[in-house]
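Report on the following structure.
Only the coordinates and a few stated rules stand behind these numbers; no lab work does. Just so you know, these numbers come straight off a predicted model, no measurement behind them. FYI the Cβ positions are ideal-geometry reconstructions off the backbone, even for glycines, and counts take in every protein chain you see.
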């Protein structure tokens, strides 16, 4: 039954606060375990019953629809969280790139006039880009 708890925890990992999440994980795990027990009583092997219960359970959206009163507050909290992650990534990107530019230009003769900060800046640009993508996906 550990597989069921892992599945439920994974499906709810970004939603609800910790106390609500723990309670909801317990409720949904118990519900799925009861379904598995019913299937086993009907003659289905245990592993097959677990897989069938998980398949019939649905997705995160189905769970959130069942808790629609909390769903809008959860989405608002997720938007705020992702926006702050995006802002932090931009701020940190600017600090890191600024430091790299300073080091590269200060010791330009040591690096034989090679502007390697451009490579670092382009490589680090993926971090804010991913954070922007995560923010805009949740905002939709």
- request: Based on other C-beta atoms within 10 Å, arrange 7, 107 from fewest to most.
  value: 107, 7
- prompt: Relative contact order of the range 69-140: what whole-number percent is it, with Cα pairs under 8 angstrom and at least 6 residues apart?
  reply: 49
field: In nm, spacing of pseudo-spin labels at residue 9 and residue 122 (7 Å Cα→C-beta vector)
entry: 4.1
- line: Once residue 106 and residue 92 are pulled to full extension, the length gained, defined as 0.36 nm per residue separation minus their Cα-Cα distance, is 2.9 nm
Dmax and Rg, reported as Rg then Dmax, of the range 68-140 (C-alpha, Å): 17.7, 63
query: How far apart, in nm, are two points set 7 Å out from the Cα along the Cα-to-Cβ line at residue 76 and at residue 133?
result: 3.0
- prompt: When the chain is fully extended, how far beyond the present Cα-Cα distance does residue 27 get from residue 84, taking 0.36 nm per residue of separation?
  reply: 17.4 nm
message: Quick check on the exposure proxy: order 94, 24, 32 from fewest to most C-beta atoms within 10 angstrom.
response: 94, 24, 32
